[in-house]
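Presented below is the structure to which this report refers.
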Amino acid sequence: MSPLGLVLRLAGLVLLVWLVVQPTAFAGLLALFTRPGQPSVYNQGSLLALTISHLLIVASAIAASALLAVGLAIFVTRPFGVDFLPVSRALANIGQTFPPVAVLALCVPLLGFGTTPTLVALFLYGLLPIFENSLAGLSSVPPPVTEAAKGMGMKPMQRLIGVELPLSMPLMLAGLRLSTTIALSTAAIGSTVAAPTLGEVIIAGLQTGNTAFVVQGGVIVALLAVLIHEGFVALERSQRRRIGL
Amino acid sequence: MIEICDVVKSFGDTRAVDEVSLMIAPHTICALVGTSGSGKTTLLRMINRLVEPTSGNIRVDGRDVMSVPAYELRRQMGYVIQGHGLFPHWTIARNIATVPSLLGWDRRTIDRRVDELLDLFQLDPATYRNRLPGELSGGQRQRVGVARALAAKPNILLMDEPFGALDPVTRGKAQEELRIIQQKFGTTIVLVTHDMDEATHLGDRIAVLDKGRLLQHGEPADIIANPATDFVRELVGTTDRAFRLLSLATLGEHVESGTADGEPLEATMTLRSAYSELLWSGRKAAPVARDGTVLGIVTLDGLGRLAARP
(Lines give C-alpha, C1' and ligand atoms only; values in the text may rest on other atoms or scores of the structure.)
Protein backbone atom coordinates (compact mmCIF):
# COMPACT_ATOMS: atom_id res chain seq x y z
CA MET A 1 0.00 0.00 0.00
CA SER A 2 1.40 3.40 -0.95
CA PRO A 3 2.01 5.97 1.83
CA LEU A 4 -0.54 8.31 0.22
CA GLY A 5 -3.14 5.53 0.18
CA LEU A 6 -2.53 4.82 3.84
CA VAL A 7 -2.87 8.51 4.75
CA LEU A 8 -6.13 8.78 2.77
CA ARG A 9 -7.60 5.73 4.47
CA LEU A 10 -6.58 6.93 7.91
CA ALA A 11 -8.07 10.36 7.18
CA GLY A 12 -11.30 8.65 6.08
CA LEU A 13 -11.42 6.68 9.31
CA VAL A 14 -10.80 9.77 11.47
CA LEU A 15 -13.48 11.71 9.56
CA LEU A 16 -15.95 8.85 10.02
CA VAL A 17 -15.40 8.54 13.77
CA TRP A 18 -15.56 12.30 14.22
CA LEU A 19 -18.77 12.61 12.20
CA VAL A 20 -20.43 9.89 14.22
CA VAL A 21 -19.20 10.73 17.72
CA GLN A 22 -19.18 14.52 17.62
CA PRO A 23 -21.42 15.69 14.77
CA THR A 24 -21.72 19.18 16.31
CA ALA A 25 -18.13 19.86 15.29
CA PHE A 26 -19.36 20.05 11.67
CA ALA A 27 -22.31 22.34 12.42
CA GLY A 28 -20.78 25.30 10.61
CA LEU A 29 -19.96 23.34 7.48
CA LEU A 30 -23.35 21.58 7.39
CA ALA A 31 -25.17 24.89 7.86
CA LEU A 32 -24.23 25.64 4.22
CA PHE A 33 -26.78 22.98 3.16
CA THR A 34 -29.69 24.21 5.30
CA ARG A 35 -32.48 26.66 4.65
CA PRO A 36 -33.07 29.43 7.22
CA GLY A 37 -34.45 28.11 10.50
CA GLN A 38 -33.49 24.43 9.89
CA PRO A 39 -31.15 22.58 12.27
CA SER A 40 -27.84 21.67 10.57
CA VAL A 41 -26.96 18.67 12.77
CA TYR A 42 -29.23 15.61 12.98
CA ASN A 43 -31.23 16.03 16.17
CA GLN A 44 -33.73 13.19 16.18
CA GLY A 45 -31.53 10.56 17.78
CA SER A 46 -27.93 9.46 18.33
CA LEU A 47 -25.87 9.03 15.16
CA LEU A 48 -23.59 6.66 17.05
CA ALA A 49 -26.47 4.40 18.07
CA LEU A 50 -27.82 4.39 14.50
CA THR A 51 -24.39 3.58 13.06
CA ILE A 52 -23.91 0.68 15.47
CA SER A 53 -27.36 -0.74 14.75
CA HIS A 54 -26.77 -0.28 11.00
CA LEU A 55 -23.53 -2.27 11.26
CA LEU A 56 -25.10 -4.94 13.46
CA ILE A 57 -27.96 -5.48 11.01
CA VAL A 58 -25.54 -5.80 8.09
CA ALA A 59 -23.20 -8.07 10.03
CA SER A 60 -25.89 -10.48 11.18
CA ALA A 61 -27.56 -10.66 7.75
CA ILE A 62 -24.24 -11.24 5.96
CA ALA A 63 -23.09 -13.77 8.55
CA ALA A 64 -26.26 -15.76 7.87
CA SER A 65 -25.83 -15.50 4.06
CA ALA A 66 -22.18 -16.54 4.39
CA LEU A 67 -23.06 -19.56 6.50
CA LEU A 68 -25.64 -20.78 4.02
CA ALA A 69 -23.76 -19.78 0.84
CA VAL A 70 -20.40 -21.26 1.86
CA GLY A 71 -22.15 -24.35 3.20
CA LEU A 72 -23.99 -24.78 -0.09
CA ALA A 73 -20.81 -24.22 -2.12
CA ILE A 74 -19.01 -26.87 -0.08
CA PHE A 75 -21.94 -29.25 -0.42
CA VAL A 76 -22.25 -28.99 -4.21
CA THR A 77 -18.50 -29.47 -4.72
CA ARG A 78 -18.53 -32.81 -2.83
CA PRO A 79 -19.07 -35.97 -4.87
CA PHE A 80 -22.48 -36.56 -3.21
CA GLY A 81 -23.69 -33.01 -3.79
CA VAL A 82 -22.80 -32.38 -7.44
CA ASP A 83 -26.37 -33.14 -8.52
CA PHE A 84 -27.61 -30.17 -6.50
CA LEU A 85 -25.37 -27.62 -8.22
CA PRO A 86 -28.00 -26.34 -10.72
CA VAL A 87 -30.67 -26.08 -7.99
CA SER A 88 -28.39 -24.11 -5.67
CA ARG A 89 -27.35 -21.80 -8.51
CA ALA A 90 -30.99 -21.11 -9.30
CA LEU A 91 -31.78 -20.49 -5.63
CA ALA A 92 -28.96 -17.98 -5.17
CA ASN A 93 -29.85 -16.27 -8.44
CA ILE A 94 -33.46 -15.80 -7.39
CA GLY A 95 -32.24 -14.16 -4.19
CA GLN A 96 -30.29 -11.70 -6.30
CA THR A 97 -33.06 -11.02 -8.82
CA PHE A 98 -35.56 -9.74 -6.24
CA PRO A 99 -34.94 -6.03 -5.72
CA PRO A 100 -34.41 -5.42 -1.99
CA VAL A 101 -37.26 -2.91 -1.99
CA ALA A 102 -39.63 -5.56 -3.30
CA VAL A 103 -38.47 -8.00 -0.62
CA LEU A 104 -39.08 -5.36 2.02
CA ALA A 105 -42.56 -4.64 0.67
CA LEU A 106 -43.41 -8.33 0.54
CA CYS A 107 -42.03 -9.05 4.00
CA VAL A 108 -43.86 -6.32 5.89
CA PRO A 109 -47.31 -7.96 5.68
CA LEU A 110 -45.79 -11.23 6.85
CA LEU A 111 -43.24 -10.09 9.41
CA GLY A 112 -44.46 -6.64 10.38
CA PHE A 113 -42.48 -3.40 10.49
CA GLY A 114 -39.01 -3.20 12.03
CA THR A 115 -35.68 -4.90 11.63
CA THR A 116 -36.79 -8.36 10.52
CA PRO A 117 -37.85 -7.58 6.92
CA THR A 118 -34.56 -5.73 6.41
CA LEU A 119 -32.58 -8.69 7.71
CA VAL A 120 -34.43 -11.01 5.33
CA ALA A 121 -33.85 -8.74 2.34
CA LEU A 122 -30.14 -8.32 3.07
CA PHE A 123 -29.75 -12.04 3.72
CA LEU A 124 -31.32 -13.01 0.38
CA TYR A 125 -29.44 -10.32 -1.49
CA GLY A 126 -26.12 -11.39 0.01
CA LEU A 127 -26.32 -15.06 -0.96
CA LEU A 128 -25.35 -15.00 -4.63
CA PRO A 129 -21.99 -13.18 -4.55
CA ILE A 130 -20.74 -15.31 -1.67
CA PHE A 131 -22.03 -18.54 -3.18
CA GLU A 132 -20.64 -17.91 -6.66
CA ASN A 133 -17.26 -16.78 -5.35
CA SER A 134 -16.94 -19.70 -2.94
CA LEU A 135 -17.84 -22.04 -5.76
CA ALA A 136 -15.22 -20.45 -8.00
CA GLY A 137 -12.69 -20.67 -5.16
CA LEU A 138 -13.35 -24.31 -4.39
CA SER A 139 -13.24 -25.30 -8.06
CA SER A 140 -10.04 -23.33 -8.70
CA VAL A 141 -7.91 -25.53 -6.43
CA PRO A 142 -5.38 -27.03 -8.90
CA PRO A 143 -6.19 -30.71 -9.71
CA PRO A 144 -2.62 -31.91 -8.92
CA VAL A 145 -3.00 -30.44 -5.43
CA THR A 146 -6.29 -32.20 -4.66
CA GLU A 147 -4.92 -35.32 -6.29
CA ALA A 148 -1.83 -35.19 -4.08
CA ALA A 149 -3.92 -34.57 -0.97
CA LYS A 150 -5.94 -37.67 -1.79
CA GLY A 151 -2.90 -39.74 -2.69
CA MET A 152 -1.15 -38.80 0.57
CA GLY A 153 -4.04 -40.36 2.47
CA MET A 154 -5.92 -37.30 3.72
CA LYS A 155 -9.55 -37.99 4.61
CA PRO A 156 -12.25 -35.86 2.92
CA MET A 157 -12.64 -33.55 5.92
CA GLN A 158 -8.86 -33.12 6.24
CA ARG A 159 -8.67 -32.21 2.55
CA LEU A 160 -11.48 -29.68 2.91
CA ILE A 161 -10.14 -27.95 6.00
CA GLY A 162 -6.42 -28.31 5.37
CA VAL A 163 -6.26 -27.69 1.64
CA GLU A 164 -9.43 -26.65 -0.16
CA LEU A 165 -10.76 -23.96 2.20
CA PRO A 166 -7.44 -22.16 2.75
CA LEU A 167 -6.76 -22.14 -1.00
CA SER A 168 -10.21 -20.76 -1.83
CA MET A 169 -10.15 -18.19 0.99
CA PRO A 170 -9.15 -15.16 -1.15
CA LEU A 171 -12.07 -15.71 -3.53
CA MET A 172 -14.49 -16.37 -0.67
CA LEU A 173 -13.39 -13.11 0.95
CA ALA A 174 -13.98 -11.31 -2.35
CA GLY A 175 -17.56 -12.60 -2.35
CA LEU A 176 -18.00 -11.55 1.26
CA ARG A 177 -16.66 -8.09 0.38
CA LEU A 178 -19.15 -7.67 -2.48
CA SER A 179 -22.11 -8.77 -0.38
CA THR A 180 -21.11 -6.64 2.59
CA THR A 181 -20.63 -3.43 0.63
CA ILE A 182 -23.91 -3.93 -1.20
CA ALA A 183 -25.65 -4.66 2.10
CA LEU A 184 -24.18 -1.55 3.77
CA SER A 185 -25.88 0.69 1.23
CA THR A 186 -29.02 -1.42 0.90
CA ALA A 187 -29.56 -1.46 4.68
CA ALA A 188 -30.33 2.27 4.53
CA ILE A 189 -33.51 1.44 2.62
CA GLY A 190 -34.56 -0.62 5.62
CA SER A 191 -35.48 2.55 7.42
CA THR A 192 -38.50 2.90 5.13
CA VAL A 193 -39.97 0.00 7.10
CA ALA A 194 -38.70 1.32 10.44
CA ALA A 195 -35.43 -0.52 10.79
CA PRO A 196 -33.04 1.55 12.93
CA THR A 197 -30.33 2.28 10.36
CA LEU A 198 -28.56 5.37 9.03
CA GLY A 199 -31.32 5.52 6.43
CA GLU A 200 -33.39 7.29 9.13
CA VAL A 201 -31.13 10.31 8.88
CA ILE A 202 -31.44 10.48 5.11
CA ILE A 203 -35.21 9.95 5.18
CA ALA A 204 -35.64 12.63 7.86
CA GLY A 205 -33.69 15.01 5.61
CA LEU A 206 -35.77 14.14 2.55
CA GLN A 207 -39.05 14.57 4.44
CA THR A 208 -38.20 18.01 5.80
CA GLY A 209 -36.26 19.19 2.78
CA ASN A 210 -33.12 19.45 4.94
CA THR A 211 -30.11 18.68 2.73
CA ALA A 212 -27.73 18.77 5.72
CA PHE A 213 -29.32 15.59 7.15
CA VAL A 214 -29.12 13.87 3.77
CA VAL A 215 -25.44 14.78 3.53
CA GLN A 216 -24.69 13.48 7.03
CA GLY A 217 -26.43 10.14 6.52
CA GLY A 218 -25.03 9.75 2.99
CA VAL A 219 -21.43 10.56 3.91
CA ILE A 220 -21.41 8.22 6.91
CA VAL A 221 -22.83 5.28 4.90
CA ALA A 222 -20.39 5.98 2.06
CA LEU A 223 -17.38 6.16 4.37
CA LEU A 224 -18.43 2.93 6.11
CA ALA A 225 -18.74 1.15 2.77
CA VAL A 226 -15.40 2.42 1.42
CA LEU A 227 -13.46 1.63 4.60
CA ILE A 228 -14.95 -1.85 5.06
CA HIS A 229 -14.30 -2.56 1.36
CA GLU A 230 -10.68 -1.53 1.84
CA GLY A 231 -10.43 -3.70 4.95
CA PHE A 232 -11.56 -6.73 2.97
CA VAL A 233 -9.14 -5.94 0.14
CA ALA A 234 -6.26 -5.84 2.62
CA LEU A 235 -7.40 -9.15 4.15
CA GLU A 236 -7.63 -10.78 0.71
CA ARG A 237 -4.16 -9.54 -0.14
CA SER A 238 -2.64 -10.98 3.03
CA GLN A 239 -4.44 -14.30 2.41
CA ARG A 240 -3.10 -14.43 -1.12
CA ARG A 241 0.41 -13.85 0.13
CA ARG A 242 -0.03 -16.54 2.76
CA ILE A 243 -0.90 -19.15 0.16
CA GLY A 244 2.00 -18.08 -2.03
CA LEU A 245 0.09 -16.44 -4.88
CA MET B 1 5.71 -57.38 -3.56
CA ILE B 2 2.83 -56.06 -5.63
CA GLU B 3 0.63 -58.67 -7.31
CA ILE B 4 -1.83 -57.48 -9.91
CA CYS B 5 -4.23 -60.27 -10.93
CA ASP B 6 -6.60 -60.09 -13.93
CA VAL B 7 -7.41 -56.46 -13.23
CA VAL B 8 -10.07 -54.77 -15.36
CA LYS B 9 -11.20 -51.18 -15.17
CA SER B 10 -14.12 -50.09 -17.32
CA PHE B 11 -15.31 -46.55 -17.84
CA GLY B 12 -18.71 -47.01 -19.47
CA ASP B 13 -18.16 -49.23 -22.50
CA THR B 14 -14.42 -48.73 -22.78
CA ARG B 15 -11.92 -50.80 -20.90
CA ALA B 16 -9.13 -48.53 -19.68
CA VAL B 17 -7.32 -51.53 -18.22
CA ASP B 18 -8.08 -54.90 -19.73
CA GLU B 19 -7.21 -58.04 -17.79
CA VAL B 20 -3.75 -57.07 -16.73
CA SER B 21 -1.70 -59.38 -14.53
CA LEU B 22 1.66 -58.22 -13.33
CA MET B 23 4.07 -59.12 -10.53
CA ILE B 24 6.37 -56.47 -9.21
CA ALA B 25 9.19 -57.88 -7.12
CA PRO B 26 10.27 -56.09 -3.92
CA HIS B 27 13.18 -53.64 -4.11
CA THR B 28 12.92 -53.21 -7.88
CA ILE B 29 11.85 -50.45 -10.21
CA CYS B 30 9.07 -51.37 -12.61
CA ALA B 31 8.42 -48.90 -15.42
CA LEU B 32 4.93 -48.86 -16.92
CA VAL B 33 5.33 -47.58 -20.46
CA GLY B 34 2.76 -46.69 -23.07
CA THR B 35 1.28 -43.88 -25.10
CA SER B 36 -1.39 -41.64 -23.59
CA GLY B 37 -4.62 -43.58 -23.15
CA SER B 38 -2.76 -46.86 -22.75
CA GLY B 39 -4.12 -47.29 -19.22
CA LYS B 40 -0.75 -47.03 -17.49
CA THR B 41 -1.82 -44.23 -15.15
CA THR B 42 -5.13 -45.94 -14.36
CA LEU B 43 -3.22 -49.12 -13.50
CA LEU B 44 -0.90 -47.18 -11.18
CA ARG B 45 -3.81 -45.39 -9.51
CA MET B 46 -5.48 -48.71 -8.79
CA ILE B 47 -2.52 -49.72 -6.61
CA ASN B 48 -3.32 -46.97 -4.08
CA ARG B 49 -7.05 -47.11 -4.82
CA LEU B 50 -7.41 -43.66 -6.34
CA VAL B 51 -9.23 -45.78 -8.94
CA GLU B 52 -11.04 -48.93 -7.90
CA PRO B 53 -10.85 -51.95 -10.20
CA THR B 54 -14.02 -53.18 -11.89
CA SER B 55 -12.83 -56.74 -11.42
CA GLY B 56 -9.69 -58.62 -10.48
CA ASN B 57 -7.60 -57.87 -7.44
CA ILE B 58 -4.38 -56.24 -6.36
CA ARG B 59 -2.37 -57.50 -3.40
CA VAL B 60 0.42 -55.61 -1.71
CA ASP B 61 2.66 -57.80 0.43
CA GLY B 62 -0.01 -60.46 0.31
CA ARG B 63 -2.85 -58.20 1.47
CA ASP B 64 -5.74 -57.24 -0.82
CA VAL B 65 -5.78 -53.46 -1.21
CA MET B 66 -9.57 -53.46 -0.93
CA SER B 67 -9.37 -54.93 2.56
CA VAL B 68 -8.01 -51.76 4.23
CA PRO B 69 -9.50 -48.25 4.27
CA ALA B 70 -8.23 -46.27 1.26
CA TYR B 71 -6.65 -43.49 3.36
CA GLU B 72 -4.71 -45.99 5.46
CA LEU B 73 -3.43 -47.78 2.37
CA ARG B 74 -2.31 -44.50 0.79
CA ARG B 75 -0.40 -43.41 3.89
CA GLN B 76 1.72 -46.54 3.55
CA MET B 77 2.77 -45.74 -0.01
CA GLY B 78 4.63 -42.79 -1.43
CA TYR B 79 2.92 -41.02 -4.30
CA VAL B 80 4.57 -38.60 -6.72
CA ILE B 81 2.72 -36.96 -9.60
CA GLN B 82 3.59 -34.84 -12.57
CA GLY B 83 3.49 -31.17 -11.63
CA HIS B 84 4.51 -32.17 -8.06
CA GLY B 85 1.13 -31.17 -6.45
CA LEU B 86 2.77 -29.49 -3.46
CA PHE B 87 0.39 -27.59 -1.19
CA PRO B 88 1.12 -23.97 -2.15
CA HIS B 89 0.04 -22.54 1.21
CA TRP B 90 2.26 -24.81 3.29
CA THR B 91 5.98 -24.38 3.89
CA ILE B 92 8.40 -26.91 2.43
CA ALA B 93 8.82 -28.48 5.87
CA ARG B 94 5.08 -28.86 6.38
CA ASN B 95 4.65 -30.26 2.88
CA ILE B 96 7.27 -32.91 3.51
CA ALA B 97 5.72 -33.65 6.91
CA THR B 98 2.27 -34.33 5.41
CA VAL B 99 2.12 -38.10 5.84
CA PRO B 100 4.09 -38.29 9.13
CA SER B 101 1.66 -35.73 10.59
CA LEU B 102 -1.31 -37.75 9.35
CA LEU B 103 0.23 -40.80 11.01
CA GLY B 104 0.58 -38.87 14.26
CA TRP B 105 4.37 -38.88 14.60
CA ASP B 106 5.60 -36.60 17.35
CA ARG B 107 6.91 -33.12 16.49
CA ARG B 108 10.58 -33.88 17.18
CA THR B 109 10.70 -37.02 15.06
CA ILE B 110 8.98 -35.18 12.22
CA ASP B 111 11.41 -32.26 12.35
CA ARG B 112 14.36 -34.60 12.33
CA ARG B 113 12.95 -36.55 9.39
CA VAL B 114 12.28 -33.37 7.40
CA ASP B 115 15.84 -32.13 7.85
CA GLU B 116 17.19 -35.56 6.96
CA LEU B 117 15.23 -35.57 3.69
CA LEU B 118 16.15 -31.99 2.80
CA ASP B 119 19.79 -32.96 3.28
CA LEU B 120 19.32 -36.07 1.16
CA PHE B 121 17.98 -33.95 -1.69
CA GLN B 122 20.71 -31.36 -1.25
CA LEU B 123 18.40 -28.60 -0.10
CA ASP B 124 19.90 -26.79 2.88
CA PRO B 125 17.33 -27.20 5.71
CA ALA B 126 18.06 -23.79 7.23
CA THR B 127 17.40 -22.09 3.89
CA TYR B 128 14.47 -24.10 2.60
CA ARG B 129 12.46 -25.33 5.61
CA ASN B 130 10.27 -22.27 5.86
CA ARG B 131 9.95 -21.32 2.22
CA LEU B 132 6.76 -21.71 0.24
CA PRO B 133 6.72 -23.95 -2.85
CA GLY B 134 6.19 -20.87 -5.03
CA GLU B 135 9.64 -19.62 -4.08
CA LEU B 136 11.45 -22.71 -5.43
CA SER B 137 12.58 -23.64 -8.94
CA GLY B 138 10.82 -26.40 -10.87
CA GLY B 139 13.60 -28.88 -10.16
CA GLN B 140 13.61 -28.10 -6.45
CA ARG B 141 9.83 -28.43 -6.24
CA GLN B 142 10.04 -31.82 -7.90
CA ARG B 143 12.65 -32.94 -5.35
CA VAL B 144 10.45 -31.77 -2.51
CA GLY B 145 7.61 -33.75 -4.10
CA VAL B 146 9.73 -36.92 -3.95
CA ALA B 147 10.93 -36.08 -0.42
CA ARG B 148 7.31 -35.71 0.68
CA ALA B 149 6.47 -39.10 -0.79
CA LEU B 150 9.39 -40.73 1.06
CA ALA B 151 8.76 -38.96 4.38
CA ALA B 152 7.04 -41.81 6.21
CA LYS B 153 9.60 -44.36 4.91
CA PRO B 154 7.20 -46.25 2.65
CA ASN B 155 8.21 -49.59 1.13
CA ILE B 156 6.47 -48.67 -2.08
CA LEU B 157 6.72 -45.52 -4.15
CA LEU B 158 4.23 -44.84 -6.94
CA MET B 159 5.36 -42.27 -9.48
CA ASP B 160 3.20 -40.87 -12.26
CA GLU B 161 5.38 -39.14 -14.88
CA PRO B 162 7.36 -37.59 -12.04
CA PHE B 163 9.91 -35.91 -14.27
CA GLY B 164 7.58 -34.96 -17.12
CA ALA B 165 7.59 -31.24 -16.43
CA LEU B 166 11.36 -30.86 -16.07
CA ASP B 167 13.90 -29.66 -18.63
CA PRO B 168 16.25 -32.39 -19.96
CA VAL B 169 19.23 -31.44 -17.77
CA THR B 170 17.22 -31.27 -14.54
CA ARG B 171 15.40 -34.46 -15.53
CA GLY B 172 18.68 -36.33 -15.97
CA LYS B 173 19.83 -35.25 -12.51
CA ALA B 174 16.50 -36.15 -10.93
CA GLN B 175 16.64 -39.63 -12.50
CA GLU B 176 20.16 -40.16 -11.21
CA GLU B 177 19.07 -39.07 -7.75
CA LEU B 178 16.12 -41.47 -7.82
CA ARG B 179 18.38 -44.40 -8.73
CA ILE B 180 20.72 -43.64 -5.86
CA ILE B 181 17.87 -43.31 -3.38
CA GLN B 182 16.25 -46.49 -4.59
CA GLN B 183 19.50 -48.41 -4.14
CA LYS B 184 20.01 -46.88 -0.70
CA PHE B 185 16.55 -47.65 0.72
CA GLY B 186 15.55 -50.61 -1.44
CA THR B 187 12.17 -49.01 -2.12
CA THR B 188 9.92 -50.78 -4.62
CA ILE B 189 9.09 -48.22 -7.27
CA VAL B 190 6.33 -48.31 -9.87
CA LEU B 191 7.05 -45.61 -12.42
CA VAL B 192 4.66 -44.49 -15.12
CA THR B 193 6.34 -42.88 -18.12
CA HIS B 194 5.86 -42.43 -21.85
CA ASP B 195 9.57 -41.96 -22.31
CA MET B 196 11.25 -45.22 -23.33
CA ASP B 197 14.69 -43.76 -22.53
CA GLU B 198 13.59 -43.07 -18.97
CA ALA B 199 12.09 -46.56 -18.72
CA THR B 200 15.23 -48.35 -19.94
CA HIS B 201 17.43 -46.10 -17.85
CA LEU B 202 15.57 -46.55 -14.56
CA GLY B 203 13.55 -49.73 -14.87
CA ASP B 204 14.73 -53.12 -13.65
CA ARG B 205 11.75 -54.37 -15.58
CA ILE B 206 9.53 -52.69 -18.11
CA ALA B 207 5.84 -53.35 -18.67
CA VAL B 208 4.52 -52.09 -22.00
CA LEU B 209 0.82 -51.27 -22.17
CA ASP B 210 -1.36 -50.38 -25.13
CA LYS B 211 -5.12 -49.81 -25.17
CA GLY B 212 -5.39 -51.21 -21.67
CA ARG B 213 -3.60 -54.47 -22.44
CA LEU B 214 -0.22 -55.59 -21.17
CA LEU B 215 1.82 -56.36 -24.30
CA GLN B 216 5.14 -57.31 -22.80
CA HIS B 217 6.81 -57.44 -19.43
CA GLY B 218 10.51 -58.09 -19.07
CA GLU B 219 13.98 -56.74 -18.53
CA PRO B 220 14.92 -53.72 -20.64
CA ALA B 221 17.55 -55.62 -22.65
CA ASP B 222 15.03 -58.32 -23.44
CA ILE B 223 12.39 -55.84 -24.56
CA ILE B 224 14.85 -54.01 -26.78
CA ALA B 225 16.20 -57.21 -28.32
CA ASN B 226 12.95 -59.14 -28.67
CA PRO B 227 9.96 -56.83 -28.88
CA ALA B 228 6.79 -58.94 -28.62
CA THR B 229 4.66 -56.91 -31.02
CA ASP B 230 5.02 -54.25 -33.68
CA PHE B 231 3.79 -51.68 -31.20
CA VAL B 232 6.57 -52.51 -28.76
CA ARG B 233 9.10 -52.41 -31.60
CA GLU B 234 7.85 -48.98 -32.59
CA LEU B 235 8.01 -47.76 -28.98
CA VAL B 236 11.56 -49.03 -28.55
CA GLY B 237 12.53 -47.35 -31.83
CA THR B 238 14.47 -49.32 -34.41
CA THR B 239 16.97 -46.63 -35.39
CA ASP B 240 18.74 -46.29 -32.07
CA ARG B 241 18.04 -49.59 -30.33
CA ALA B 242 21.74 -50.47 -30.44
CA PHE B 243 22.46 -47.37 -28.38
CA ARG B 244 19.62 -48.11 -25.98
CA LEU B 245 21.17 -51.50 -25.42
CA LEU B 246 24.55 -49.92 -24.73
CA SER B 247 23.01 -47.52 -22.23
CA LEU B 248 21.93 -50.41 -20.01
CA ALA B 249 25.38 -51.46 -18.81
CA THR B 250 28.38 -49.69 -17.35
CA LEU B 251 32.02 -49.89 -18.42
CA GLY B 252 32.98 -51.64 -15.20
CA GLU B 253 30.99 -54.72 -16.26
CA HIS B 254 32.79 -55.08 -19.63
CA VAL B 255 36.45 -54.30 -19.06
CA GLU B 256 38.86 -55.84 -21.61
CA SER B 257 42.48 -56.61 -20.85
CA GLY B 258 45.25 -54.71 -22.58
CA THR B 259 46.70 -51.24 -22.53
CA ALA B 260 45.70 -47.99 -24.15
CA ASP B 261 46.86 -44.41 -24.10
CA GLY B 262 45.11 -41.24 -23.13
CA GLU B 263 42.73 -40.02 -20.47
CA PRO B 264 41.05 -42.98 -18.65
CA LEU B 265 37.25 -43.33 -18.63
CA GLU B 266 35.36 -43.85 -15.37
CA ALA B 267 34.07 -47.39 -14.75
CA THR B 268 30.66 -46.06 -13.73
CA MET B 269 30.09 -44.57 -17.20
CA THR B 270 27.47 -46.29 -19.37
CA LEU B 271 28.71 -48.11 -22.47
CA ARG B 272 26.78 -45.62 -24.56
CA SER B 273 28.60 -42.64 -23.08
CA ALA B 274 31.93 -44.46 -23.46
CA TYR B 275 31.21 -45.18 -27.13
CA SER B 276 30.41 -41.56 -27.73
CA GLU B 277 33.54 -40.48 -25.84
CA LEU B 278 35.77 -42.75 -27.95
CA LEU B 279 34.27 -41.45 -31.20
CA TRP B 280 34.58 -37.88 -30.02
CA SER B 281 38.23 -38.14 -29.03
CA GLY B 282 39.09 -40.13 -32.16
CA ARG B 283 40.53 -43.10 -30.25
CA LYS B 284 40.05 -46.81 -30.96
CA ALA B 285 40.61 -47.72 -27.31
CA ALA B 286 40.89 -46.07 -23.91
CA PRO B 287 41.88 -47.17 -20.40
CA VAL B 288 39.10 -47.76 -17.84
CA ALA B 289 39.67 -46.63 -14.27
CA ARG B 290 37.81 -46.81 -10.99
CA ASP B 291 38.79 -44.27 -8.33
CA GLY B 292 42.10 -43.65 -10.10
CA THR B 293 43.19 -47.32 -10.54
CA VAL B 294 43.27 -48.58 -14.11
CA LEU B 295 41.21 -51.79 -14.48
CA GLY B 296 41.81 -52.46 -18.17
CA ILE B 297 40.67 -51.00 -21.45
CA VAL B 298 37.61 -50.48 -23.57
CA THR B 299 37.73 -50.69 -27.37
CA LEU B 300 35.45 -49.51 -30.15
CA ASP B 301 35.34 -53.05 -31.55
CA GLY B 302 34.42 -54.49 -28.17
CA LEU B 303 31.58 -51.99 -27.77
CA GLY B 304 30.46 -52.71 -31.32
CA ARG B 305 30.08 -56.40 -30.48
CA LEU B 306 28.08 -55.57 -27.34
CA ALA B 307 25.71 -53.37 -29.32
CA ALA B 308 24.91 -56.07 -31.87
CA ARG B 309 21.58 -57.89 -31.63
CA PRO B 310 21.90 -60.44 -28.82
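The values are calculated or read from the model by the stated rules, or taken from the named source; none is laboratory data. Note that this is a predicted model, so its numbers are computed, not measured. All Cβ positions, glycine included, derive from the backbone under ideal geometry; neighbour counts span all protein chains shown.
Going residue by residue through the range A:158-168, is there one that turns out to be touching a His at 6+ places or on another chain (Cβ under 7 Å), more than 7 Å from chain B (Cβ to nearest Cβ) and under 16 Å from residue A:237 (Cα atoms)? Among the residues of the range A:158-168, not one is touching a His at 6+ places or on another chain (Cβ under 7 Å), more than 7 Å from chain B (Cβ to nearest Cβ) and under 16 Å from residue A:237 (Cα atoms), which makes the answer no. Residues in the range B:73-93 that are facing another protein chain (nearest Cβ under 7 Å), over 21 Å from the mean Cα position of the chain (by Cα) and farther than 10 Å from residue A:148 by Cα: B:88, B:89. Here residue B:142 meets each of (1) away from chain A (no Cβ under 14 Å); (2) under 18 Å from residue B:84 (Cα atoms); (3) polar (S, T, N, Q) with one exception, condition (1).
Listed by position, the helices (runs of 4 or more DSSP H) inside the range B:207-251 whose residues that are over 25 Å from residue B:21 (Cα atoms) number at least 3 are B:241-246. Looking for something surrounded by fewer than 16 Cβ atoms within 10 Å (Cβ to Cβ), more than 22 Å from residue A:242 (Cβ to Cβ), more than 25 Å from the chain's Cα centre (by Cα) and without any contact (Cβ under 8 Å) to a residue 12 or more places away in the chain - is there at least one such residue anywhere in the range B:95-104? Yes. Under the condition of being farther than 15 Å from residue A:57 by Cβ and of a type in the set (Ser, Thr, Tyr), the residues counted in the range A:166-215 number 3.
Residues considered: B:164, B:252. Of these, the only one that is more than 16 Å from residue B:309 (Cβ to Cβ), out of contact with any helix residue (DSSP H, G or I) (no Cβ under 8 Å at 6 or more places or on another chain) and not assigned by TED's automatic domain parsing to the domain that holds residue B:78 is B:252.
Within the range B:35-58, being in a loop (DSSP other than H, G, I, E, B) and either on the phi > 0 side of the Ramachandran plot or at pLDDT 95 or above (or both) holds for B:37, B:39, B:49. Within the set A:235, A:138, A:206, the sole residue that is more than 21 Å from residue A:49 (Cα to Cα), away from chain B (no Cβ under 14 Å) and over 21 Å from the mean Cα position of the chain (by Cα) turns out to be A:138. When A:180, A:186 are checked against the criterion of being among the β-branched types (Val, Ile, Thr), closer than 21 Å to residue A:101 by Cα, at pLDDT 95 or above and in contact with a helix residue (DSSP H, G or I) (Cβ under 7 Å, 6 or more places away or on another chain), a single residue qualifies: A:180.
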